[in-house]
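First up is the structure itself, then whatever we jot down about it.
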Amino acid sequence: MLSMKDMGIRTKVIASMFVLIVFIALLSFWVSYAHEKRGLLTNMQSNASILNRALIVSLTSRKSIGEKVNLQTLVEELSLTEGVFGVWVIDNGARITSATFREQVGEVVPSSLVLESLQEGYYVSGFDKKMGEEVYTAIYPFTKGDHIMGVLEVAFEMREYLRSGSEDQALLLEQMERDSRIMAESLSYSIKNMRDVNELIHIQRLVDRLTRESEIISRIMIVDDNSRIIAANDLNSVGMIAEDKGVRAIMNGAGIYTRLFPRQKMYMVDMPLKIGGEFKGVVSVGYDATNYYTHLSEIFRFGLLISAMGILMGILLSFQVSNPIVEPLRRLTDVTKRLAAGDLSQRATVGSKDEVGILAGAFNQMAHDLARYKEEADQYSKTLEEKVRQRTQALEISNQELRTIQNELMEANMVKSEFMSIASHELRTPLTTLLGYSELLLTRPLTDSQEKEFLGFINEESIRLSRIVDDLLDISRIESQKDFGFVRKPFSPAELVRKNIKVYAGTEAGHRIVAEVEENLPLVNVDAEKMGQVIKNLLDNAIKYSPFGDIVCKAFSENNMVWISVQDSGIGIFEGDIPRIFNKFFRVERKETEHVSGTGLGLSIAKYIVESHNGEITVESELDKGTTVSFGLPIYKD
């Protein structure tokens, strides 16, 4: 299907004329249609206003609705009783008709106590929660003859009850039950003797007579100021709460509210019912709108006929107007196609001085300029390709350099962030302990044993802090590629193992350090202090990640190398984590290791020290069965 922009000039002119005439015809039709519709609605609205005034005159001649017993006033007076939290009058449909809290009027009560009292017709009491506060509630039904009219619910505050002893609480419960019964009896008497019963009967009779005698009124409903229907031609709705949109609008202050119901062919008018200037309720009147829709249908058919005639005349006029415009444009289009095919010698024929002639002249000038520009472009394009190639090659080299620099900066930034996070966390823990125990030593009198114990804690955390600082300094030297300054000397591997195991002997509860050293091991040329650091790091990890069990430190020779291994029976390492175990700052992330501290630098430093001695380091681990870390050093030869 063609879009509007793809259509020819003739089609566009015809379509434009067609749309214009249709718009004028429809506008005229809808103006007359709306005017007639408004006149009919105004007539029915005037009739409704006259009916409303007649109702007011009729009601005023009887006892006023304002003479009703104001239940809301009585409820509010009862609510002023000392110790009373709130009072509710509830009809036999479980709907609140009057309440201490006026915003609740009209709501349906979900309380099981209320439903029980309405169904069984006897007094019910118990503890409940109202408006977010704990209360004691008593519910008393009131009847008219054998009919349960509703219930009275009284809620008492619990403050005094909660502050009292068990004997006083029993007395308070009895007092609250007596008060609720007295209130219910008083209110029941008032409801049984309401003075507006005759008035309601009069209103209902008036509504019945109006709907019966009128040929155009199909519905009348009168609602009081509490949204309850007090009279209607449909007796089943009397006593119910009006949920009609028009009633709510009048209750909210609207002067009049009207709407049409096309399916029912009814016109509804809602108006306020005021007596002596005081708002008393709402009058809803429904009119039979059959004649209204019949009259509008006749107007609609007549309008369609006139519109169809105007459209036909517009089509004929469009063809007459379009021909003088379309033919010159068609010839210009043919010349344009040949020009687009590459024949730049084509020129349009200028046959008039109107807008089309001006367009043809501008077209010829454009064709002349286009031929000149094409010649210049051919000359320039010969050198442009080479320049583009050179610039593209230079740009690609620059982009590659920038990407390399960017990746290096991102990696350095990530390492820096990770280092700062781990260092600050690991340094803060021992520093906090040092500050805590040193403050206790300075500010509190302590026994000698306590001072010795605290100084022991301070010494342990100082050693831990020193190790962390040493690790950070070592990794800093490694990163900056500075020499550790190894002092290599021939040294006994057996002595190296035994010396460093002694540091842990008897210090770790739940662990036993076992040494298995092969006899007559050859010497190794190492920095003994740095190799001791490697062994200590491996023992530290074995202790931290083994909740119990022996830790075995072995020394043996194999393949012209002396091997030292540390084996534990701890939690083990996931197979996927083993290749990363020597990475800086890497730590095993498992639920069992959440409490384990450390910088994640020990194994990275150990690997650097071992490899700097021309050795190698390996890891073997099985999940939940243990880990073995081994490193081998070349045998010393004279």
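For LEU455 and LEU435 in one chain, what is 0.36 nm times their gap in residues minus the Cα-Cα distance, to one decimal in nm? Kindly include the intermediate steps, with their values, before the conclusion.
Values: separation 20, 0.36 × 20 = 7.20 nm, distance 1.18 nm.
Net length gain for the segment: 6.0 nm.
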Quiz item: Points 7 angstrom from Cα along the Cβ direction at GLU103 and ASP540: gap in nanometres?
Solution: 6.4 nm
Practice problem: First measure r as the distance between the Cβ atoms of GLU76 and ILE299, then evaluate 1/(1 + (r/R0)^6) with R0 = 45 Å and state the FRET efficiency to the nearest 0.05. | Solution: 0.20
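Cross-link list LYS489/LYS544; LYS337/LYS387; LYS499/LYS637; LYS530/LYS584; LYS502/LYS584: which exceed 25 angstrom alpha carbon to alpha carbon? Before the final figure, lay out each step's value.
Working: LYS489/LYS544 31 Å; LYS337/LYS387 34 Å; LYS499/LYS637 23 Å; LYS530/LYS584 18 Å; LYS502/LYS584 28 Å.
The pairs that break the limit, which is 25 Å between Cα atoms, are LYS489/LYS544; LYS337/LYS387; LYS502/LYS584.
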Quiz item: How are the Cα pair distances of segment 119-178 distributed, in percent, across 10 Å bins from 0?
Solution: 21, 44, 25, 9, 1
Quiz prompt | Rounded if a/c under 1.5, otherwise prolate or oblate - segment 86-167, Cα gyration tensor axes | solution = oblate
Self-check item: Sum of side-chain charges, GLY632 neighbourhood, beta-carbon under 10 Å (Lys, Arg +1; Asp, Glu -1)
Solution: -2
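Multiply the residue separation of LEU395 and ARG205 by 0.36 nm, subtract the distance between their alpha-carbon atoms, and state the gained length in nm to one decimal. Could the numbers behind the result be given before it?
Values: separation 190, 0.36 × 190 = 68.40 nm, distance 9.64 nm.
58.8 nm is the gain from fully extending LEU395 to ARG205.
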Self-check item: Two-decimal log10 I(q)/I(0) for segment 525-574, as the Debye equation yields it once each C-alpha is a single scatterer, q = 0.14, 0.31 Å⁻¹
Solution: -0.42, -1.16
Self-check item: Calculated FRET efficiency for the pair SER462/GLU558, C-beta based, R₀ 35 Å, to 0.05
Solution: 0.30
Practice problem: With all protein chains present, calculate the accessible area of ASP343 using a 1.4 Å probe and round the result to the nearest 10 Å². | Solution: 60 Å²
Quiz item: What's the FRET efficiency of LEU446 with ASP550 using the Cβ-Cβ distance as r and R₀ = 60 Å, to the nearest 0.05?
Solution: 0.95
Self-check item: Segment ARG330-GLU133, extension gain: residue separation times 0.36 nm, minus the distance between their alpha carbons
Solution: 62.3 nm
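The values are calculated or read from the model by the stated rules, or taken from the named source; none is laboratory data. Since the model is a prediction, treat every value here as computed from it, not as a measurement. Counting neighbours? That spans all protein chains shown, and the Cβs are built from the backbone with ideal geometry, glycine included. Surface accessibility is based on the protein's heavy atoms, side chains included, excluding ligands, DNA and RNA. Shrake-Rupley method; radii C 1.70, N 1.55, O 1.52, S 1.80 Å.
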